[in-house]
Amino acid sequence: MARALEKVSSGVAGLDELTHGGLPRGRPTLVCGGPGCGKTMLGLQFLVRGALDHGEPGVFLAFEETAEDLAVNVASVGWDLDALAAEGQLITDHVRIDPQHIQEAGAYDLEGLFVRLGADIAEIGARRVVIDTLEVLFASLRDQALLRAELRRLFAWLKEHGVTAMITAERGEGSLTRHGLEEYVSDCVLLLDHRVAHQVTTRRLRVVKYRGSAHATDETPFMIDEQGFRVMPLSSLRLEHEATAGVVSSGVPDLDAMFGIGGCYRGSSILITGTPGSAKTTIAGSFARTAAAGGQRALYMSLEESPAQLQRNLASVGVHFPEQVASGRLRLVSTRPSAYGLEEHLALLLHEVNDFEPDLVVLDPLSGYGLDGADRQAMLTRMIDLLKARSITGVFTGLLSSARDETDLGISSVIDTWLTLGNIERNGERTRTLAIVKARGMSHSNQVREFVLTDEGIELLDVYRRGGDVYTGAARRQRMEEDRA
Amino acid sequence: MTTPEPDAKWELRLYVAGQTPRAITALQNLERICEEHLAGRYTIEVIDLRERPQLARGDEIIAVPTLVRHLPEPMMKIIGDLSDTERVLVGLQLRQRPNRP
C-alpha cells in the first residue's frame with residue numbers, strides 16, 4: 001500500500017496551495033528560471049519561514065552571492081538573516097569558486113563539498129537545504145562527466161540525510177535547465193518565468209512536475225515585494241465562501257425595492273454595467289456612501305478619476321462623500337491603470353484591504369485594468385475571489401461597448417448581482433434606464449426602470465403602463481396628460 | 001603573473017578526505033615534485049577534512065585532493081591527485097605557461 005507523500009510547507013502560502021501541501025519532504029526540488037526571476041528569493045523564504053514558522057533550521061549554500069549580499073537583499077522584506085544565524089536557525093555558506101585559479105591536475109572528486117555541507121547541516125541540525133546555484137560548478141570544472149556523477153551522489157546523499165532540499169538552476173534553451181539537472185532532480189520541478197508584455201513585467205510560476213502528488217498545472221502569477229515571494233492562485237473553483245446574511249442597501253430606496261430581499265446580499269459581488277455616461281459611477285458611489293453612513297467601512301478604488309474629481313462629480317448628483325471621508329469610514333484610492341502590472345493591482349487591492357479592513361469595496365471601472373483576454377479575466381476573478389473570501393461586498397463597474405446584455409469582461413458567471421444601465425433614444429430624447437439582469441439567491445424585478453439624476457440623487461420613476469406598453473420620457477408625460485384628460 | 005623569488009620558503013597544504021588511495025597518490029606525487037623542484041625550501045601540511053571538517057569552509061575546499069600553495073603569494077589551488085606533473089608545475093608557477101596571443 002502506498003504511503004501518502006509527506007510534504008513540507010514551501011514558505012509561500014500560494015505555492016503550498018498549488019502543490020497541495022508543499023514540497024516533498026526529504027527530497028530535492030528543482031527550481032529553474034532565468035536570471036533575476038526570483039530563485040534565490042524563493043530559496044531564502046523557504047529557509048526563513050521554515051525556521052520561523054516550523055522550527056526547521058536551514059542551510060543556504062550560495063555559489064554566487066555572499067552572505068552579506070543575501071542579508072542586504074532581504075533586509076527590505078524584514079528578515080534579519082544575521083539574527084537567525086546567531087540563533088542557530090540558519091547558515092548562509094558562500095562557496096567561492098574562482099575558475100581562473102583552479103588547475104585540474106589529475107583525478108578528483110567533490111568530497112570537500114560534501115564535508116562542508118555535512119558540517120553545516122550538523123552544526124544546526126538543519127532540516128532544509130538550498131543550493132543556489134549548481135550552474136557555477138558546471139562553469140568552473142572541466143570534467144563534466146565527473147561533475148554529473150558527483151551530482152548524482154549529492155542528491156542521494158541529501159536524501160540519506162533526510163533534508164528537504166531546494167536546488168536552483170538556470171533555464172535552458174531547448175531543455176528545462178541548461179545542463180540537464182532535471183535528470184537528477186525530478187521529484188518536484190518548479191519553473192519560474194519572468195516576461196515583459198505590453199511594457200509590463202509579469203512573473204509566472206508553474207509546477208512542471210510533482211512525482212506522487214496531484215498539483216495545479218497552470219501558470220500562476222507571483223510577485224516579489226516587501227512581503228517577500230507571493231503566489232496568487234486562482235482559487236474561485238473551490239467555492240468555499242460562506243453564505244452571508246445581511247442586506248446591503250444601494251442608497252436608492254426604489255432600487256433596493258427591486259430586489260427580493262430589499263437590497264443586495266452582504267459579501268456578494270455586484271456588477272454595474274452600461275454605456276459611457278450611464279451613471280455607473282453614481283450608483284457605485286451611492287453604495288459606498290450608504291455603507292459608510294451606516295457605520296461600515298467602504299473602500300472606493302477608482303481607475304479613472306482622482307479623489308477630488310470623483311467627489312465633485314458625485315456631489316453634483318446628490319451623492320456626497322466628504323462627511324464619510326472625514327469620518328474615516330470611506331477611503332478613496334485612485335490609481336492609474338497603466339502604472340501597474342495586473343499582479344501589482346491585485347497586490348495594491350490586497351494591501352488596502354488588509355490595511356483598511358473595509359466591509360464594501362468599489363472597483364471602478366474593472367475594464368480600466370488594461371489588457372484584454374485571459375490574463376485580465378484571470379486577474380479579475382482573483383480579485384473578486386479575494387473579496388468574497390473575506391465576506392467583503394464588492395461593487396464593480398464595467399463598460400459596455402454597446403447597449404447589449406453582454407460584457408467582454410468574462411466574469412459574469414462569478415458575479416452574484418448584475419445591474420445594467422442604459423440610455424434609450426426615442427423621439428429625439430435620451431432616457432436613462434436600469435434593469436436587474438441577475439440577482440442570485442433572490443427574486444427580483446425584471447422591469448426596465450426609467451430614472452433621472454437630480455441634485456438630490458437618483459430617482460426611479462414609476463413604471464407607466466397603459467394597454468400593455470411601457471411609456472418613458474416625453475412619451476410618458478404625453479400619455480399621462482392624455483390619460484388625465 | 002611574476003615567478004616567485006628563488007629563495008622564498010614554500011608552504012603547501014594538501015587537503016584530503018580520509019586516507020584514500022587517491023590521497024596517498026597525491027601526497028606521493030607532491031613529495032616527488034617538491035624534492036625535484038623545491039628541495040630544502042618547502043613544507044607540506046596534510047589536512048584531513050574528515051578530522052577537521054570546518055576547514056573545508058575556511059579554506060574554500062570543494063574538490064579533494066586539493067593542493068594549496070599558501071606561500072609564496074598569491075595563493076594557488078590545484079585539484080586532483082597531481083598525476084599530471086606538467087599541470088602541477090604550471091599551477092605552482094614553477095614552469096612558465098606558454099605565451100598566449
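Could you please state how large a percent of the accessible area of the protein assembly as shown is carbon and sulfur, counting protein chains only and using a 1.4 Å probe?
Numbers: 12500 of 26620 Å².
Carbon and sulfur: 47 percent of the exposed surface of the protein assembly as shown.
Need one number: buried accessible surface between chains A and B, 1.4 Å probe, both sides summed, DNA, RNA and ligands left out, in Å² to 100.
Numbers: alone 22250 and 6590 Å², together 26620 Å².
Accessible area lost upon association: around 2200 Å².
Under a 1.4 angstrom probe, counting protein chains only, how are A:His194, A:His215 ranked by accessible area, largest first?
On the way: A:His194 80, A:His215 45 Å².
The ranking, largest first, comes out as A:His194, A:His215.
Let me check something: with ligands and nucleic acids excluded, how do A:Asp218, A:Asp364 order by accessible area (1.4 Å probe), largest to smallest?
On the way: A:Asp218 110, A:Asp364 5 Å².
The ordering from most to least exposed comes out as A:Asp218, A:Asp364.
Would you work out if chain A is rounded, prolate or oblate? Take a ≥ b ≥ c from the square roots of the eigenvalues of the alpha-carbon gyration tensor; rounded if a/c is under 1.5, else prolate when a/b is larger than b/c, oblate otherwise.
It is prolate, given that a/c is not under 1.5 and a/b is the larger ratio.
Any idea of the accessible area per residue across chain B, 1.4 Å probe, to the nearest Å²? Write out the running numbers ahead of the final one.
Details: 5480 Å² over 101 residues.
I get 54 Å² per residue for chain B.
Using the Cα gyration tensor of region A:1-64, with a ≥ b ≥ c the square roots of its eigenvalues, what is the shape: rounded (a/c below 1.5), prolate (a/b larger than b/c) or oblate (neither)? The partial results should precede the final answer.
On the way: a/c = 1.75, a/b = 1.46, b/c = 1.20.
Taking the square roots of the gyration eigenvalues as a ≥ b ≥ c, region A:1-64 is prolate.
Under the rule of at least 5 residues apart or a separate chain, name every residue whose amide H is placed under 5 Å from the amide H of B:Met76.
Residues meeting the amide H criterion: B:Arg69.
Mean residue ellipticity at 222 nm from the helices of chain B, using -39,500 (n - 2.57) per DSSP H segment of n ≥ 4 over the full residue count, to the nearest 500 deg cm²/dmol? Write down the numbers at each step before the final one.
Working: 3 runs with 30 residues, N = 101.
Mean residue ellipticity at 222 nm (helix-derived): -8500 deg cm²/dmol.
Comparing the chain by itself with all protein chains present, which residues of region A:86-122 are at least 40 Å² less accessible (probe 1.4 Å)?
At a threshold of 40 Å² (probe 1.4 Å), the residues of region A:86-122 that become less exposed are A:Arg96, A:His101, A:Gln103, A:Ala105, A:Ala107, A:Tyr108, A:Asp109, A:Glu111, A:Gly112, A:Val115, A:Arg116.
Here are some pairs, A:Lys7/A:Lys159; A:Lys7/A:Lys388; A:Lys159/A:Lys209; A:Lys39/B:Lys77; A:Lys209/A:Lys388; which of them have Cα atoms lying more than 21 Å apart in this structure? Before the final figure, lay out the partial values.
Values: A:Lys7/A:Lys159 14 Å; A:Lys7/A:Lys388 29 Å; A:Lys159/A:Lys209 19 Å; A:Lys39/B:Lys77 30 Å; A:Lys209/A:Lys388 31 Å.
With Cα atoms farther than 21 Å apart: A:Lys7/A:Lys388; A:Lys39/B:Lys77; A:Lys209/A:Lys388.
With every protein chain present, what is the per residue accessible area of chain A (1.4 Å probe, Å²)?
Values: 21140 Å² over 485 residues.
Normalised by residue count, the accessible surface of chain A is 44 Å².
Kindly write out, for region B:68-81 in residue order, the coupling ³J(HN,Hα) from the Karplus curve 6.51 cos²θ - 1.76 cosθ + 1.60 (θ = phi - 60°), rounded to whole Hz, with x marking Gly and Pro.
Once θ is set to phi - 60°, the couplings for region B:68-81 become 10, 8, 7, 10, x, 6, x, 5, 10, 10, 9, 10, x, 7 Hz.
Once every DSSP H run of n ≥ 4 in chain A is given -39500 (n - 2.57) and the sum is divided by its residues, what mean residue ellipticity at 222 nm do you get, rounded to the nearest 500 deg cm²/dmol?
Details: 14 runs with 152 residues, N = 485.
Helix-only estimate at 222 nm: -9500 deg cm²/dmol.
The values are calculated or read from the model by the stated rules, or taken from the named source; none is laboratory data. It should be emphasised that the depicted structure is a prediction, and the values quoted were computed from it without experimental measurement. Side chains included, ligands, DNA and RNA excluded: accessible areas come from the protein's heavy atoms. Shrake-Rupley method; radii C 1.70, N 1.55, O 1.52, S 1.80 Å.
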